[in-house]
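Just below is one structure, and these are the notes that go with it.
The values are calculated or read from the model by the stated rules, or taken from the named source; none is laboratory data. Only a predicted model underlies this, so the values are computations on that prediction, with no experimental measurement involved. In this analysis, Cβ positions are derived from the backbone assuming ideal geometry, glycine residues included, and neighbour counts consider all displayed protein chains. The accessibility values were calculated without ligands, DNA or RNA, using every heavy atom of the protein model including side chains. Shrake-Rupley method; radii C 1.70, N 1.55, O 1.52, S 1.80 Å.
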Amino acid sequence: MKKYTFYFLGIGGIGMSALANYLFCCGHNVSGSDLVSNAQTKRLQSLGVKVVTGNNKDNLDTSADYLVYTQAIDPADPELIYAKELGIKIISREKLLGRIFRTFTNRIAVSGAHGKTTTCGLLYQALSANLVSPTAFIGGEISGLGNFIMGKPDYCIAEACEYKGSFLTLSSTISVILNVDLEHLDYYKELKDIERAFNKFACKTCQGGVVVTNGDAVPYYITNNCLAKNITYGFNKNNNFFATNITQKNAKYSFDCYKNGDFYAHINLLLRGRHNIYNALATLCVCDSLGLDKVCTVKGIESFLGAQRRWQIITNSFTNIVEDYAHHPSEVRSLVETALQLGYDKIILAFQPHTYTRTSKLFLDFVSCFVGVDYLIMLPIYPAREQPIVGVTSKHLADTIADTGLTNAIYCQDFESAGRLIATLASKEDLVLVVGAGDIFKLSSLLQAF
């Protein structure tokens, strides 16, 4: 196999670092840059990948055959411009993933507005329990495994994100659609545009393949004109696979799964949250369609401990802290529902909204999604790839929530002031939720000082 030289612009991104890791493991020359050092860049450096911190054209490996970029990169980026001047081939992250994905025999793409990372982790664990060695590209850190696992060329699991239609580069043998929701509204105008994108994704599934859909949350027309077989799952008994006899203890769920009306398996999840029943059902559907052993599949699902920043318990001396990546109103509601089942005296939730567009377009949903929380501490919006929008602020959101009288909402301008406030509110009988997709995880570390 010919070896190429790849330069990754933004190599520390969760998706970019996984691709860089894969190519390095395949023997290609890999290097890259990012604005800051993080866990992903450090992991790549430990393998021997050259990573430069900063952003200027002198970072570029001028011998590169390809420069890999993401849609978050500014077209005026100096490294990108310099690469074009030198005639280096430019390829997007999603197109590169699509090319790599097509080299595998069994290709499982997991899509949906919520639950992709957890479901990819469940699938990896279930396939591994069947003594299958899948390669996995995951959009988050799986406990003990990271965001990339190198396996054999037979099976590949890839997280498929709908942002700007990036999942349309993936040609799957099995496509999973966990849910369809209003999301990425800086790109999509309305729900029907999102639904069209998911329909295109479903229709890219290979003829003779399978589309696994949540029959409770994914409209039936999402699979219109698909050549692949559709398998549905959910709580409704009209689904091919459905959950019943559901029980919970400390927000950890057990349930019976039925397939086409007949008992299939009993599952005891280590994961907290009712929404994880759906993720487990999706995993059962995929493994069953692959013809894998049911007993091994259940064993794998029941052993999965979860992903980082998905109900991740953080040790603290004066209270109970859980970090969670929830950044959409639907995810926040599920998180609060889970927390309310645990019997703490008070629930204190620190929230960092993610992007101005999401905060603006889903403003009313954010106003109502924190009901049940005793104290809501609102931090400034994490901008990610966006510029501020006039009138869209965390303080306005906090004030509006407070005005409803349903939740005691307080605005804090930085992590330090939020940490001091939490220290005055929280005790050993309380739960502190540190929530958001930005850098709010820094608050958990800060709380160690109190």
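Where helices (runs of 4 or more DSSP H) fall entirely within region 279-396, none has at least 3 residues that are without any contact (Cβ under 8 Å) to a residue 12 or more places away in the chain. Among the conditions (1) among the β-branched types (Val, Ile, Thr); (2) surrounded by 19 or more Cβ atoms within 10 Å (Cβ to Cβ); (3) out of contact with any Ser or Thr (no Cβ under 7 Å at 6 or more places or on another chain); (4) at pLDDT below 95, Ile313 misses just one, which is (2). Of all residues in region 368-390, those being within 23 Å of the chain's Cα centre (by Cα) and of a type in the set (A, V, I, L, M, F, W, C) number 6.
Yes or no, residue by residue, for (1) polar (S, T, N, Q); (2) outside any loop (DSSP other than H, G, I, E, B); (3) closer than 22 Å to Ala384 by Cβ:
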position: Asp61; (1), (2), (3): no, no, no
position: Asp74; (1), (2), (3): no, no, yes
position: Ile90; (1), (2), (3): no, yes, no
position: Leu97; (1), (2), (3): no, yes, yes
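Phe101 passes every criterion in (1) under 21 Å from Ala20 (Cα atoms); (2) of a type in the set (A, V, I, L, M, F, W, C); (3) out of contact with any Cys (no Cβ under 7 Å at 6 or more places or on another chain) apart from (3). Annotation: Asn236 fulfils all but one of (1) open to solvent by 60 Å² or more (accessible area, probe 1.4 Å); (2) part of a helix (DSSP H, G or I); the unmet one is (2). Pro383 fulfils the conditions (1) out of contact with any Leu (no Cβ under 8 Å at 6 or more places or on another chain); (2) of a type outside the set (Asp, Glu); (3) at pLDDT below 95; (4) over 29 Å from Ala72 (Cα atoms) except for a single criterion, (4). Note on region 373-400: residues that are open to solvent by less than 30 Å² (accessible area, probe 1.4 Å) and either of a type in the set (Gly, Ala, Ser) or over 24 Å from Gly343 (Cα atoms) (or both) amount to 7. Evaluated against (1) assigned to a helix (DSSP H, G or I); (2) surrounded by fewer than 20 Cβ atoms within 10 Å (Cβ to Cβ); (3) within 27 Å of the chain's Cα centre (by Cα), Ser417 falls short on exactly one condition, (3).
Do any strands (runs of 3 or more DSSP E) lying entirely in region 108-191 carry at least 2 residues that are within 19 Å of Ile277 (Cα to Cα) and either open to solvent by less than 40 Å² (accessible area, probe 1.4 Å) or among the basic types (Lys, Arg) (or both), and which ones are they? It would help to see each step written out before you state the result.
On the way: elements: 135-142, 146-149, 155-159, 174-177.
So the answer is 174-177.
The number of residues in region 271-299 being within 19 Å of the chain's Cα centre (by Cα) and open to solvent by 30 Å² or more (accessible area, probe 1.4 Å) comes to 4.
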